[in-house]
Amino acid sequence: MAFVRSLLGAKKILGRSAASKSATSAAPKGFLAVYVGESQKKRYVVPVSYLSQPSFQALLSKSEEEFGFDHPMGGLTIPCPEYAFIDVTSRLQ
């Protein structure tokens, strides 16, 4: 009986940790997660409205040239220095 209780407790803990991981990895509604950097990638969450901006589209074109539709991080990866990404997005805000 104690064994069954410990299994049920473990299942609850695992269920909570899986739920918290999926909640932290999802971008809020109206936003998009992108991974930025050349060697070390950092995750940023940006508004989807950026997708219509020419300067952000230039970054997306660079991504398309390098990765096509196969992004190694599982999300949209932008292969530019982090400072360049911050410079572009700071002008959009």
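Here TYR83 passes the criteria (1) open to solvent by 80 Å² or more (accessible area, probe 1.4 Å); (2) modelled with pLDDT under 85 except the one numbered (2). Screening GLN57 on (1) at pLDDT below 80; (2) part of a helix (DSSP H, G or I); (3) open to solvent by 70 Å² or more (accessible area, probe 1.4 Å) shows it passes everything except condition (1).
In region 33-54, the qualifying residues are those that are exposed (fewer than 14 other Cβ atoms within 10 Å of the Cβ) and part of a loop (DSSP other than H, G, I, E, B), and the one that is modelled with the highest pLDDT is GLN40.
The values are calculated or read from the model by the stated rules, or taken from the named source; none is laboratory data. What you see is a predicted model, and the numbers here were worked out from it, not measured in a lab. Virtual Cβ from ideal backbone geometry, glycine too; neighbours counted across all protein chains shown. Heads up: the accessible areas ignore ligands, DNA and RNA and are worked out on the full protein's heavy atoms, side chains in. Shrake-Rupley method; radii C 1.70, N 1.55, O 1.52, S 1.80 Å.
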